[in-house]
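Every read-out reported here was derived from the displayed coordinates using simple, explicitly stated rules and does not represent laboratory data. Since the model is a prediction, treat every value here as computed from it, not as a measurement. Because the Cβ atoms are built from the backbone with ideal geometry, glycine has one as well, and the counts that use them run over all protein chains shown.
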Amino acid sequence: MSTDERRQHQRRYLMCRPEHFTVSYTINPWMVPANPTDTAKAVRQWQDLYDTYLALGHEVELIDPIDGLPDMVYTANGGFVIDGVAYGAKFRFQERVPEGPAFMDWFRENGYDVREPVEVNEGEGDFLLVGDTILAGTGFRSTGDSHREVGDVFGREVVSLNLVNPTFYHLDTAIAVLDPVEGIANGGPERANIAYLPDAFDEVSRAILEERYPDAILVSSQDGAVFGLNSASDGRNVIISPRAKGFETQLRERGYNPIAVDLSELLLGGGGIKCCTLELRGATS
Ligand code: ARG
């Protein structure tokens, strides 16, 4: 498909300005508290991403950052939202546990129907909507029981995938959803497609992905290692890391329009573009 044929879909996102960003604890292999962080730089880079979304015509809502919760900038982990229903997050590590209620308060105040989680889950970090199906990651953060819970909340098919490499501890570090949910669901011209890093999954999960997404873009280890897959697509424009050169070429070949935004400072916390972006589907406010 050519770029002219790829249709951009309007998105509504939730973001959090990294005013309190720092790396003071280690809950993933990227986080090294001894390495200095530059909060002002993190804010500047984040602002770039925010401005890019607005320039593309997307809507961005903001949640107030809370002092002492440096990882709150990674809003993808704050919940999972479809059709105005917000399934809340229940974080694996103590350091992030208070974020769960903070995000649920925001959802409530903004008119979402909040479902409180019983099971440990880290929101859209581990749940990705592809067409009508929820791809759900486990192995490091969200539990297998949360996959059942998210299926009950949304009444949709859930496909569990096992992450095996600690560098790619959330599903959104190993899979990028390229096409809009409207694709297959509304009989549109686009097939819901993904890009993924095969190395991040066990054999069983790789086989599932191969079978379900025969046209997927397979991303190289080099591009995966710079969080190339941690990107945000609107069906036409795909915001990616400037270091993911191979992925950029693959996207162009398929008619997508890659746009590079550098979040190197936020990578020190183990997060990238997608981690800083929570999709608000079926907004009610
Ligand atoms: N420091 C955060 C953590 O380890 C980074 C979260 C990245 N978020 C994501 N959606 N992958 O929890």
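Remarks
- Label-point separation, GLU61 to LYS245 (7 Å along Cα→Cβ), nm: 4.1
- Backbone amide hydrogens, once placed in the peptide plane, bring LEU62 within less than 5 Å of MET15, excluding anything fewer than 5 places away on its chain.
- Across the chain, Cα-Cα pairs farther apart than 24 Å form 45% of the total.
- J(HN,Hα) series, the stretch 90-103, from Karplus relation 6.51 cos²θ - 1.76 cosθ + 1.60, nearest Hz, glycine and proline x: 10, 6, 5, 9, 3, 4, 10, 3, x, 5, x, x, 4, 5
- Label separation (ASP83 vs ARG148): 2.3 nm, computed from points 7 Å beyond Cα along the C-beta direction.
- All Cα pairs of the stretch 1-91, percent lying beyond 20 Å: 49
- Each residue, VAL159 and GLN8, gets one label point 7 Å from its Cα in the Cβ direction; the gap between the two is 2.9 nm.
- Summarising the amide proton neighbourhood of ALA86: residues at separation of 5 or more, or on other chains, whose placed amide H is nearer than 5 Å comprise ASP113, VAL114, ARG115.
- Phi angles across the stretch 14-21 convert, under the Karplus curve 6.51 cos²θ - 1.76 cosθ + 1.60 with θ = phi - 60°, into 3J(HN,Hα) values of 10, 10, 9, 4, x, 5, 10, 5 Hz, Gly and Pro given as x.
- A straight chain from GLN47 to ILE208 at 0.36 nm per residue would run longer than the Cα-Cα distance by 54.2 nm.
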